[in-house]
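Have a look at the structure below, then the notes.
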Amino acid sequence: MPNRNRRIWSVATIAALAAVAVAATPAYAAPNNNSVKKLTNAVTAEGVLDHLEALQDIADANGGDRAAGRDGYAASVDYVVGELEAAGYAPEVQEFEFDYFEENSELIRVSPQPRTFVNGIDFLRNTFDSGTPEGTATGPLVPVGLVIPAAGLPANSNTSGCEASDFAGFPAGGIALMQRGTCGFSVKSLNAQAAGAAGVIIMNEGQPGRTGLLNMIGDATGLHIPAVFATSAAGENLASTPNATVTVKVDFTAETRTAFNVIAETKTGNGANTVMAGAHLDSVQDGAGINDNGSGSAALLETAIQMKKVKPNNNVRFAWWGAEEEGLLGSEYYVSQLTDAQIARIALYVNFDMIASPNYMFGVYDGDNSSGTAAPGFIPPGSAQIEDVFEGFYASRGLPYQDTEFSGRSDYGPFIAVGIPAGGLFTGAEGVKTASEAALYGGVAGAAYDPCYHSFCDNLTGAGQNVALYNALRADYDLVGNINVEALDVNADALATAVITFAYDTSTVNGVRMPGKSHGAGKSADAFKNKFES
């Protein structure tokens, strides 16, 4: 393993540090952490992990998730608000409505060889124009006119389920397995229902280009049994199991619900040159979202708490966004409510989404477009100078770092859309770590940066993880559940460094100079390294 300035924290070490911190300092009695050195010393991995433990507890108490529109998210908002108020802030909770959707449809082979097929990968519920009948049916799987394999046959040639005669001898209560072909999905489904089927599965036909998922549409007026569409692979798997019993369930919720943003800002500083820092607080519906994005939210919260006594030159506004996982809805709503004059008062925005991936890399939003992935004019001027501060931080620690795409696909997107310079950090999601990255950072080449991305195992307990993979990661790293403590510790400091730097000086980003001490803004990577090298 290459020599790199690693700080490995064991759980026991963190506990010991916590005991010392508690004994030495009353809650929220932090000193005036008005420099990079003071603030990064105050923002600790242990402090951030405390917030992550609270978010995990919230998920555990609310069905296992903290998704927008659900009780776990409301409890997460209450927690952040309570911590901010205890630190002396006056947080604002901004409400907004959004289209809430919850999918609970299922396709299961009950026996033999039980298997649960994955919604959105193996199958989709129907979306018939006449409505989507909900319900659950369990019964014997009955293939109807299947042609397997279909490779080599003309596309759209299968007549499975197109005629009532296809169902001769069909047992009442059976689950009809049919194949895409010459007639519409609604025709097949209604014919199966008329023959006594309790549920319907229609698989793709199986020729090249006709293997994946489709939305079943058409007029199926009168259909009242559950119907789903499956990939050709899933259908072939079902059909290959003799005497199978299957369950088809169509169940979903679609309604308008309320989500929340939490906004808090320093009591002092130039409001005409506001520095914003944000992270999304919500998880997906499938898990607690401890790395995505408890990590960014918790580090931002701890930084805000430790800045409670700071009197910056520029106003600093912290934001925890709701419904990011539904499409950046919280940050989009926030920006949409700003006037042109209010937009002009925001100097920059920095974003922190997934900053402690277990198989991490240190990614910095590519504000200077040195990788050439952004279209001309897409990146607001000043974003390159934000990137410089993050790169200078890593250089000061002797740590590797790399560009990550400046795509606008997290909560900085709405800000850059109105011309606000932006930057941020990212340690990777479902992308795969390369061998060269493993040589730089350690970890497992060929595995995802976050193997639990958008999954139940994105938690603090380790439940549901791939045991062999996570044991391999632990050979290099200290992990607490799905959190890489080394990455969390480093990036919490990187976050704090950027916030305190721009709190005092944004001149390299937007040319605005304020009286008072500059705390590192505008430094080149080399100059920053020389000043803050640890």
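The values are calculated or read from the model by the stated rules, or taken from the named source; none is laboratory data. Just so you know, these numbers come straight off a predicted model, no measurement behind them. Here Cβ is always computed from backbone atoms with ideal geometry, including for glycine, and neighbour counts include all displayed protein chains. Ligands, DNA and RNA are stripped out before the accessible areas are found, and what is left, the full protein with its side chains, is counted by its heavy atoms. Shrake-Rupley method; radii C 1.70, N 1.55, O 1.52, S 1.80 Å.
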Enter the accessible area per residue of the chain (Å², integer; probe 1.4 Å; all protein chains in place).
-> 38 Å²
With unit charges on the beta carbon (Lys/Arg positive, Asp/Glu negative), name the residue among ALA74, ASN459, SER370 whose Cα is farthest towards the positive pole of the charge dipole of the chain.
-> SER370
Spatially close lysines, pair count over the chain: Cα under 13 Å, gap of eight or more or interchain | 9
Roughly how many whole Å is it from the C-alpha centroid of the stretch 196-218 to that of the stretch 28-58?
-> 52 Å
First compute the accessible area of the chain with a 1.4 Å probe, then give the percent of it belonging to carbon and sulfur atoms.
-> 52 percent
Place the peptides 53-61, 296-304 in order of packing, highest mean first, counting for every residue the other Cβ atoms within 10 Å and averaging per peptide.
-> 296-304, 53-61
How much length, in nm to one decimal, is gained on full extension between ARG409 and ALA445, taken as 0.36 nm per residue of separation minus their Cα-Cα distance?
-> 10.5 nm
If we sort 115-125, 223-233 on the protection proxy, mean other Cβ atoms within 10 Å, highest first, what's the order?
-> 223-233, 115-125
Residue span THR253 to THR461: 0.36 nm per residue of separation minus Cα-Cα distance leaves a gain in nm of 71.9 nm
Residues of the stretch 227-264 with backbone N under 20 Å of the label point set 7 Å from the Cα of VAL147 along Cα→Cβ are 230-240
Square roots of five times the C-alpha gyration tensor eigenvalues of the stretch 54-106, ordered largest first and given in whole Å, equal 25, 15, 5
Kindly provide the trypsin sites (Lys or Arg not before Pro) of the stretch 353-446 that DSSP labels as loop, not H, G, I, E or B, and whose Cβ sees at most 12 other Cβ atoms within 10 Å.
-> ARG409
Under the Kirkwood approximation applied to all pairs of distinct alpha-carbon atoms, what is the hydrodynamic radius of the stretch 132-184 in Å?
-> 12.5 Å
Rg to Rh for the stretch 63-173: what is it, with Cα atoms only and Rh by Kirkwood?
-> 1.20
Note: the stretch 171-247, point scatterers on Cα, Debye, no solvent; log10 I/I(0) at q = 0.14, 0.24, 0.25, 0.26 Å⁻¹ equals -0.42, -1.17, -1.24, -1.31
Mean Kyte hydropathy of -0.5 or more with a Cα span along the axis of at least 18 Å, helices from DSSP in the chain | 11-24, 45-61, 71-86, 383-396, 485-504
To the nearest 20 debye, what charge dipole does the stretch 85-129 have about its Cα centre, counting +1 at the Cβ of each Lys and Arg and -1 at the Cβ of each Asp and Glu?
-> 580 debye
Solution diffusion estimate, µm²/s, Stokes-Einstein, the stretch 202-267, Kirkwood Rh from C-alpha pairs, 37 °C, viscosity 0.692 mPa s | 205 µm²/s
Pulled fully out, how much extra length does the chain show between VAL432 and GLU134, if you take 0.36 nm times their separation in residues and subtract their Cα-Cα distance?
-> 103.5 nm
Mind giving me the nanometre distance, one decimal, between the label points for LYS311 and ASP78, set 7 Å out from Cα along Cα→Cβ?
-> 3.7 nm
Where does each of MET203, MET514 land when they are ordered by accessible area, with a 1.4 Å probe and the largest first?
-> MET514, MET203
Given N residues in the chain, what is Rg(Cα) / (2.2 N^0.38 Å)?
-> 1.12
